[in-house]
Amino acid sequence: MISLTYKENVEAYIGNNLGILEDSLDKAAQKHLKLKAKKKSLDFGQALTPENLYQTSLKSISKTRGFLEINKTIDIHMSMFSSLEQFKRSLRVAAGTFAISGLIQSIGGLTFRGLMISGMLGVWFGAGTFVFAMQDYATSSYNPDDDHIRIGAQNTVNAAGAVAHEYTHCLQHNFTSIDVTTRNPIVEGHARGLEGIVSERFAQESNNEAYVFVHSQRVAQELKDAYLYACGKKNVTPKKSLEKLPIRNVRGWLSSYAGHHYSIGVAAMTLASAKYGDNVYKDVMKNDFNFLKT
Ligand SMILES: [Zn+2]
């Protein structure tokens with residue numbers, strides 16, 4: 001069963017459903033381009049602080065758990081990256097502790113055991129010395145060793161999706177048979193999906209499309225990447241209209257990114273939900289991967 005989630009099968013699944021992928025890519029790209037055209041008018045909320053990250057996390061985790069119908073609890077640890085940490089991390093130097101060290105406990109009933117502000121390094125988001133491409137949450141992470149989620153978003157709006165994404169990894173690690181430490185494509189496809197579902201709920205609740213901006217960009221990029229990769233594998237000429245979509249290349253300068261496990265996983269989960277609905281995301285939590293069969 002778990003073998004259905006392995007790269008070989010997932011790639012075959014995408015190859016078998018290329019027509020649906022074309023449709024999904026087109027829709028995702030149009031959605032993103034519409035949002036991009038009005039990006040300047042979107043409200044991305046406040047600069048992230050330990051306090052508002054805490055509030056945002058409560059809502060995001062609650063939405064993630066609610067959608068996936070999770071009742072069991074997990075103790076998690078959350079913190080916020082500083083610019084300095086981002087810098088260190090990019091140099092592959094272990095990051096120190098910063099900003100918040102909150103043990104979030106008993107999420108089922110949403111009771112929290114305190115939030116402490118600790119170890120301030122004096123380098124703050126938005127005011128940091130290092131101006132990086134930290135416009136989204138690319139540097140958020142989840143560590144399965146201690147259930148520690150680190151959020152690298154700059155604002156409360158992007159943090160909402162980032163928390164849902166990383167918390168989904170936490171649920172995968174604790175409650176499914178997927179190994180989150182491997183490059184299993186479904187690990188990322190599933191997390192990206194929850195990020196989208198939760199972001200959409202935030203957007204609807206607050207009538208603010210900014211919540212779906214970053215997700216829409218990622219999905220469009222990843223679907224395009226997966227599509228071109230799948231066409232290459234099948235020796236099929238990609239549709240010109242899709243190949244020429246003005247969607248930034250997910251590969252960037254790193255040409256080996258083509259067919260990256262993120263793209264493949266996002267494509268597979270997007271296809272599966274197009275075929276069977278969003279319940280496929282719940283199926284993953286039940287270790288049911290039959291939706292990846294054909
Ligand atoms: Zn991830």
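Can you spot a residue in the range 224-231 that is buried (at least 21 other Cβ atoms within 10 Å of the Cβ) and charged (D, E, K, R)?
Looking through the range 224-231, at least one residue is buried (at least 21 other Cβ atoms within 10 Å of the Cβ) and charged (D, E, K, R).
Are there any pairs, at least 6 apart or on different chains, whose C-beta atoms fall under 9 Å, with the first in the range 151-170 and within 17 Å of E51 (Cβ to Cβ) and in the same structural domain as Q55 (by TED's automatic domain parsing) and the second more than 12 Å from the ligand (Cβ to nearest atom) and among the acidic types (D, E), and if so, which?
Every condition considered, the pairs that remain are A153/D136; Q154/D136; V157/D43; N158/D136; A162/D136.
Hey, among F81, F98, which residue is surrounded by 15 or more Cβ atoms within 10 Å (Cβ to Cβ), among the aromatic types (F, W, Y), at pLDDT below 80 and over 19 Å from A191 (Cβ atoms)?
The unique qualifying residue is F98.
Could you please let me know if V187 is over 16 Å from V284 (Cα atoms), buried (at least 22 other Cβ atoms within 10 Å of the Cβ) and modelled with pLDDT of 95 or more?
Working: over 16 Å from V284 (Cα atoms): no; buried (at least 22 other Cβ atoms within 10 Å of the Cβ): yes; modelled with pLDDT of 95 or more: yes.
In short, no.
Could you list all residues from the range 154-189 that are within 11 Å of the ligand (Cβ to nearest atom) and in contact with a strand residue (DSSP E or B) (Cβ under 8 Å, 6 or more places away or on another chain)?
Selection gives A162, E166, Y167, H169, C170, V180.
When residues of the range 13-50 are filtered for being surrounded by 14 or more Cβ atoms within 10 Å (Cβ to Cβ), free of Cβ contacts under 8 Å to residues at least 24 places away in the same chain and more than 22 Å from the chain's Cα centre (by Cα), how many remain?
Total satisfying the criteria: 0.
The values are calculated or read from the model by the stated rules, or taken from the named source; none is laboratory data. None of these values were measured; they are calculated from a predicted model. Positions of Cβ are generated from backbone atoms using ideal geometry, with glycine treated the same way; all protein chains shown enter the neighbour counts.
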